[in-house]
Amino acid sequence: MRRSLTPLVVTLAVLAFFYLPVAVLVGNSFNASRFGGEWSGFTLNWYRRLLAAPEIWHALGNTLAIALVATAGSTVLGTTAAFALDRYRSRLQDAHYLLVYAPLVIPEILLGISLLLFFVALRVQLGYPTIVVAHVTFCVSYVAMVVLGRLQDFDWALVEAAQDLGADAWTAGRRVVLPLLAPGIAAGALLAFTLSVDDFVITFFVAGPGTTTLPLRIYSMIKHGSPPLINALSTLLLTLTTTAVWLSQRLLKEAR
Amino acid sequence: MAEARGLLEPRHEPWITLPSFVWLIVLFTVPAAIVFAIAFKPSDPYGGIGAGWTLQTLRSLGDPNYPAILWRTIWLSVATTALCLVLATPTAYFMARTPERWRHLLLLAIIVPFWTSFLVRIFAWKVVLHPEGLLKRALVALHVVPPEASLLYNAGAVLLVLVYTELPFAILPIYAAAEKFDFKLLEAARDLGAGPLRTFWTVFLPGIRRGLLTATLVTLIPALGSYVVPDLVGGPTSEMLGNKIAQRTFSDRNLPHASALSALLALAVLVPSAAAIALERGRRARQRAEAA
C-alpha cells in the first residue's frame, strides 16, 4: 500500500512550528541587538546583566521554597487520596473521586479567582502562605492521579506474603508497600514540583502586594521590562530543565 | 483483592480519606460555592463585598459588551480546538506508524519545547511577531503583508499562540489512541476497494475517537478560560472572558462582577463537558442495545 505523504509533511510543519519561537529566543539571547530584529553580533552581555539582577534570583528563591513546601503537602495528601480511592469502594469514595478529579478539568483562572474570593471572605492576609495553600490544592489532584495509576498495577498479594512470613502491618507497609510505590510517588511529587514552579495564573490571583515568584517576575518583565534579559533567563531555564530530564532518563535506564 | 491484614482495612477508610477529602471540600468546593454566592452580592465602593443580596450584578452581564466578549471567547476556543485536532491527528498518525526506536525520539521532540515556562513560550511569540521582528520583515519583503500591518495585538495572534500552547495536549491523547489502533484495518479497507480518504474517515477516525474526544476537551476547556495569552499578545479588540475577570478583579476591584463573569465561564465549560459525557454514555448504551 502506498502511504500518503501528508502525515509526514504535517509532522515536520508541527515540529518547525514548535521550535521556531524557541530557536529565535535562544538566538536572541546572544544577540547584541536589543529587539532582535537583526543580528548585530554575538554578546554575553545579557547574561552578565542577568547575573547582576538580584531581584530575579530573589524571586527564584521564593519560587523554589514555595514549590518545596507545596510539593511536600500535596504529595502526602495526594498519596493518601490515591490509597483511599484504590482500596475502597463506597459512596464516600465516589464523592472523593469527583473532588479529586474536578480541579483537573476546571480552567486555572476559575481556581485562582475562587481561592482569592475565599481568602477575601475569610479576611486572610494574602502572601506566601496563601500561595502555598493554593498550590497544594491544585497539585493534590495531579499527585493522586499519578499514584493511583501505579497502584492499579500494585500486587497486594506481596503484602499478604510478607505478613505470612511474620511482618506486622507497620513493617509490611514500610518495607514492602512504600519501596514498591516509591517511583510512582516520586513521579507524582516531581510533577507537583514542576507545576508549582511554573504556575502563574493561580499565583497571580492569590499573591499579596510585594510577594514575588519567578513567574510573577517574568510576567512583569514581559509587560514592562527588558526583553533580552528574559531571553537569557529562558535559555538558562531551558538548558537546566533539559539537562535535568536527560539526567533522570539516564539514571532510570541505569536503574533498569 | 488480596487480604492485607491490619493495613488499609475497612475501619481505616475515614482516616485515609479525610485528609484530602476535607482539604478539597474546604479549598475547592467552598470557594466555588462562594463564587456563585458573591455573584448575587452588591459591590461596595472600597473594593469589597457589600451587604445584602441583589440581582443587579447578574443583570449587568446584559451590558452590550459582554455578549460580544462571550461570543469571541467561544469562537476563538472552538477555532483553537479545531486547528489543534487538524494538526494533531496527522502528526499522531505519523508518530504511531514510525518504527519504535524513532517513535520515542519523536515523542520527546514534541514535548521538549514545552519544558520551558508557559510565560516564556508566549513571550517567544511576542518576539517573533514583534514589529521589528524576523517574521514581520520576511512577510513584508515577500509582500504578504503591508509594512504598516501589525502581527501582534489582534485575534489572529491570540489564535496562533493558543494553538501553540494547546497543540501538544491534543497530540498526546490522539497519539495514545493511535498507538493502540490496528493499522491492518486500513489495509483491509483499501483491499476492499475504499479510497485513502474514505479509509481515513470511516476506519481510522472512528478507531481513535476516544483520543479525539479527550483531545477536544483538554484543548477546549483551557482555551475557554485563557487569560494570559490574550493579555500578552491580544489587544482591546481580542479580549476574552478571562481578561474581563482579571480586569474586574485587579483594575476595577469589583469582586461581585468578577464572580458573575466567573460563573458564566463555569457554565461555558460545563456545557461541552456534559455534552461529551452524554455522547459517551449514549454510545455505550447503543452498543449494549446492539449486542443484546
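The values are calculated or read from the model by the stated rules, or taken from the named source; none is laboratory data. These figures come from a predicted structure and were not determined experimentally. So basically every Cβ, Gly included, is an ideal-geometry build from the backbone, and we count neighbours across all protein chains shown.
Descriptive notes on the structure:
- Answer residue from the range A:37-88, given it is of a type in the set (D, E, K, R) and farther than 20 Å from residue A:213 by Cβ and is nearest to the chain's Cα centre (by Cα) among those: A:86
- Candidate set from the range B:2-32 (those that are of a type in the set (Ser, Thr, Tyr) and crowded, with 20+ Cβ neighbours inside 10 Å); member that is modelled with the lowest pLDDT: B:17
- Some residue of the range B:64-87 being crowded, with 16+ Cβ neighbours inside 10 Å, away from every other protein chain (no Cβ under 11 Å), among the aliphatic types (A, V, I, L, M) and closer than 30 Å to residue A:123 by Cβ: no
- Matching residues, the range A:150-169, being more than 8 Å from chain B (Cβ to nearest Cβ) and farther than 18 Å from residue A:86 by Cα: A:161, A:162, A:164, A:165, A:166, A:167
- Residue check, residue A:252 over 30 Å from residue A:127 (Cα atoms), among the hydrophobic types (A, V, I, L, M, F, W, C), at pLDDT below 85 and part of a helix (DSSP H, G or I): yes
- Residue check, residue A:130 closer than 22 Å to residue A:59 by Cβ and in contact with an Asp or Glu (Cβ under 8 Å, 6 or more places away or on another chain): no
- Qualifying residue in the range B:240-260 (condition: touching a Lys or Arg at 6+ places or on another chain (Cβ under 7 Å) and farther than 29 Å from residue B:119 by Cβ): yes
- Taken as a whole, the condition of being touching a Phe, Trp or Tyr at 6+ places or on another chain (Cβ under 9 Å) and among the polar types (S, T, N, Q) applies to residue A:11.
- Filter pass, residue A:169 being closer than 21 Å to residue B:8 by Cα, surrounded by 16 or more Cβ atoms within 10 Å (Cβ to Cβ) and assigned by TED's automatic domain parsing to the domain that holds residue A:106: yes
- For the range A:197-227, residues that are outside any helix (DSSP H, G or I) and under 15 Å from residue A:116 (Cα atoms) total 5.
- The range A:31-73, residues that are of a type outside the set (Ser, Thr, Tyr), within 14 Å of chain B (Cβ to nearest Cβ) and assigned to a loop (DSSP other than H, G, I, E, B): A:34, A:35, A:36, A:37, A:38, A:39
- Only one of the listed residues (B:212, B:217, B:232) is closer than 25 Å to residue B:77 by Cβ, surrounded by fewer than 23 Cβ atoms within 10 Å (Cβ to Cβ), at pLDDT 90 or above and more than 11 Å from chain A (Cβ to nearest Cβ). That residue is B:212.
- Where helices (runs of 4 or more DSSP H) fall entirely within the range B:94-201, those with at least 1 residues that are exposed (fewer than 15 other Cβ atoms within 10 Å of the Cβ) and either within 12 Å of another protein chain (Cβ to nearest Cβ) or in contact with a helix residue (DSSP H, G or I) (Cβ under 9 Å, 6 or more places away or on another chain) (or both) are at B:100-111, B:134-141, B:155-180, B:184-191, B:196-199.
- For residue A:86, the conditions (1) among the acidic types (Asp, Glu); (2) loosely packed, with under 14 Cβ neighbours inside 10 Å; (3) assigned to a helix (DSSP H, G or I) are fulfilled apart from (2).
- Across the range B:100-145, the qualifying residues are those that are among the aromatic types (Phe, Trp, Tyr) and without any contact (Cβ under 8 Å) to a residue 12 or more places away in the chain, and the one among them that is nearest to residue A:13 (Cα to Cα) is B:102.
- Residues of the range A:223-236 satisfying the condition of being hydrophobic (A, V, I, L, M, F, W, C) and surrounded by fewer than 20 Cβ atoms within 10 Å (Cβ to Cβ): A:229, A:236
- All positions within the range A:108-149 that are more than 8 Å from chain B (Cβ to nearest Cβ) and free of Cβ contacts under 8 Å to residues at least 40 places away in the same chain: A:122, A:123, A:124, A:129, A:149
- Residue pairs whose Cβ atoms lie under 6 Å apart, sitting 6 or more positions apart in sequence or on different chains, and linking a residue in the range A:14-28 that is more than 7 Å from chain B (Cβ to nearest Cβ) to a partner that is assigned to a helix (DSSP H, G or I) and crowded, with 19+ Cβ neighbours inside 10 Å, are A:26/A:235.
- Only one of A:147, A:124, A:136, A:143 that is more than 26 Å from residue A:213 (Cβ to Cβ), modelled with pLDDT of 90 or more and in contact with a helix residue (DSSP H, G or I) (Cβ under 7 Å, 6 or more places away or on another chain): A:147
- Verdict on residue A:22 being under 27 Å from the mean Cα position of the chain (by Cα) and not charged (D, E, K, R): yes
- In a residue-by-residue description of the range A:103-118, the property of being surrounded by fewer than 20 Cβ atoms within 10 Å (Cβ to Cβ), in a helix (DSSP H, G or I) and of a type in the set (Phe, Trp, Tyr) applies to no position.
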